[in-house]
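The values are calculated or read from the model by the stated rules, or taken from the named source; none is laboratory data. Keep in mind it's a predicted model, so treat the numbers as computed, not measured. Cβ sites come from the backbone with ideal geometry, for glycine too, and all protein chains shown count toward neighbours. The area values use the complete protein model at the heavy-atom level, side chains included, leaving out ligands, DNA and RNA. Shrake-Rupley method; radii C 1.70, N 1.55, O 1.52, S 1.80 Å.
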Amino acid sequence: MNVLEKKNEERELNAADHRLIGQQLDLFSINEEVGIGLVLWHPDGTVVRRIIRDFWEDEHLKNGYQLVCTPHIAREELWRISGHLEYYEQNMYLFEKDGEKYVVKPMNCPFHIQIFKSKPRSYRDLPVRYAEWGTVYRYERSGTLQGLLRVRGFTQDDAHIFCAPEQAKPEVLRALDFTRHMLQKFGFKEYRVHLSTRDPQHSEKYMGSEQEWNNAQKTLAEALKEKNIAYQETPGEAVFYGPKIDINIVDSSKREWQCTTLQFDFNLPKRFNITFTGTDGEEHEVVMIHRALLGAIERFFAISIEHCEGNLPTWLAPTQAIVLPVSTDCVRYAERIHKRLLAHGIRAALDASTSTISYKIRQAEVRKIPYMIICGEKEAKLQRISVRKHKTGDIGLLRTEELAKKIKNESI
Ligand SMILES: [Zn+2]
């Protein structure tokens, strides 16, 4: 976390704070009885999470990734091989059962490696790209926890790319395009990019050979240049196992958040002996790239709802439209409209309470529902609906199908 981000996270609770929005819109909660830093996703939050996940998975499949699914725990032995037990134990949750020690996963990488290693691989099989919404658990000191921004259990939108050395650059280029495409869909158009390289004065601190580092750093820098992406190189900021590109998104309040990371790894391929048979018939070490695009979903969700102050775009809104009958006489007409919207695949709700129409509208505004559909006698007679858009106002009389089409067109 950079200094700027630390400042972002330490700020006082204000109206646009995701914790407040989360409570107002009933999206999630964190409860001491369950445990601090552990998130309970409420029904509406779960709807948003599912939309993001479905979209994410579909886009990955279109982009040549394969989806995988891995367990939440694994034997201690796995983490001994990966080196996590040696370097990361203070952040891991360990337990014992029948004399066998287990670890609650702090990362997904060793599992993806095991899937890759489940059969022999030749150069013809590469690149292999595995993607997973993997939920991990890491111990963080209680004082550092904050809403969804810093938690102890979170879901990474994780991916690992296994490729031959000559495929590394095309893979980085491809991942950069994909990142830009995805972040734009979520309304983030401004980024700051950092290339974290090793500290040349302390090469002993790093895994991997001089040549591996030079090649990987060159690959990342060239890829950024080829894509015309302005970046700042930060020597000494690389992790011990490889250089990386970090993409910080800039939100509507001009705050910077690190989300995307694209990281070479010279450590795990050696520890797990991950190889492929080359054109020469010999075994060669694969190049492994870790890639998280949104980062931690909980954190990305917090940033996203603050970015739009809770006014989620229509494609992400848990309820896209709410049907509001003006009086009890109009409830039957409103029910028909509601059913038709549901049949069109619109996430629609109905407020058939006996409250006044102005109260219903106010409530819908508080819930930040993108479309309010007013059904009165006039509308029933004309077989139309009066549509009101959140933050915009009346947009006139429409047919139900016209509104359904409009909402679908706004989607993504
Ligand atoms: Zn990884």
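Using the Kyte-Doolittle scale, find the helices of the chain whose mean hydropathy is at least 1.6 and whose Cα atoms extend 27 Å or more along the helix's long axis, counting only whole DSSP H runs.
Values: long enough: 43-62 (28 Å, -0.89).
Result, helices passing both filters: zero.
Normalise the Debye intensity by I(0) for segment 73-181, one equal point scatterer per Cα, no solvent, then take log10 at q = 0.11, 0.24 Å⁻¹ and round to two decimals.
Debye curve over Cα of segment 73-181, log10 I(q)/I(0) at q = 0.11, 0.24 Å⁻¹: -0.48, -1.28.
Counting DSSP beta bridges in the chain, what percent are antiparallel, to the nearest 5?
So the antiparallel bridges amount to about 80 percent of the total.
So what J values fall out for segment 257-270 if you push phi through Karplus, 6.51 cos²θ - 1.76 cosθ + 1.60 with θ = phi - 60°, rounded to Hz, Gly and Pro as x?
10, 7, 10, 7, 9, 10, 10, 6, 9, 9, 9, 4, x, 6
If you put +1 on each Lys and Arg Cβ and -1 on each Asp and Glu Cβ, how big is the dipole of the chain around its Cα centre, in Debye rounded to 20? If you can, show how the numbers build up before the last one.
On the way: 59 positive and 58 negative charges, 351 e Å.
So the magnitude is around 1680 debye.
To the nearest Å, what is the center-to-center distance of segment 172-228 and segment 300-322, using C-alpha atoms only?
Result: 30 Å between the Cα centres.
Grab the beta carbon distance between ILE81 and GLN201, set R0 = 30 Å, and tell me the FRET efficiency rounded to 0.05.
For ILE81 and GLN201, the calculated efficiency is 0.45.
How large is the accessible surface per residue of segment 271-412, computed with a 1.4 Å probe and reported in Å² as a whole number?
Accessible surface, normalised per residue, equals 46 Å².
For ASP265, enumerate residues with amide H under 5 Å from its amide H, sequence gap 5+ or separate chain, H modeled in the peptide plane.
Correct list: MET288, HIS290.
Amide H to amide H under 5 Å from VAL39: which residues, 5+ apart in sequence or cross-chain, H placed 1.01 Å off N in plane?
It is GLY153, by chain and number.
On the accessible surface of the chain, probed at 1.4 Å, how many percent belong to carbon and sulfur atoms?
Roughly 48 percent of what the probe reaches on the chain is carbon or sulfur.
In the chain, if every C-alpha pair distance is counted and binned at 10 Å from zero, what percent goes to each bin?
With 10 Å bins starting at 0, P(r) equals 4, 19, 27, 23, 14, 8, 4, 1, 0.
Using a Förster radius of 60 Å, what is the FRET efficiency between HIS42 and ASP280 based on their Cβ-Cβ separation? Nearest 0.05, please. Spell out each step's value before the answer.
Working: r = 56 Å, r/R0 = 0.94.
Computed FRET efficiency for HIS42 and ASP280: 0.60.
With a Förster radius of 56 Å, plug the Cβ-Cβ distance of ARG124 and LYS408 into 1/(1 + (r/R0)^6) and report the FRET value to the nearest 0.05.
Numbers: r = 41 Å, r/R0 = 0.74.
Using R0 = 56 Å, I get an efficiency of 0.85.
Could you order GLU283, GLU59 by accessible surface area, starting with the largest, using a probe radius of 1.4 Å?
GLU283, GLU59
Just to confirm, what accessible area per residue do you get for segment 82-201 at 1.4 Å probe, in whole Å²?
44
Per-residue ellipticity at 222 nm for the chain, helices alone: DSSP H runs ≥ 4 residues times -39500 (n - 2.57), over residue total, nearest 500 deg cm²/dmol?
-10500 deg cm²/dmol
Using just the C-alpha positions of segment 158-294 as equal point scatterers, what log10 of I(q)/I(0) does the Debye formula give at each q in 0.10, 0.15, 0.21 1/Å?
Debye output, listed in q order: -0.34, -0.73, -1.29.
For ILE36, ILE274, write out the residues from largest to smallest accessible area, computed with a 1.4 angstrom probe and no ligands counted. Kindly include the intermediate steps, with their values, before the conclusion.
Working: ILE36 65, ILE274 0 Å².
So the residues, ranked largest to smallest area, are ILE36, ILE274.
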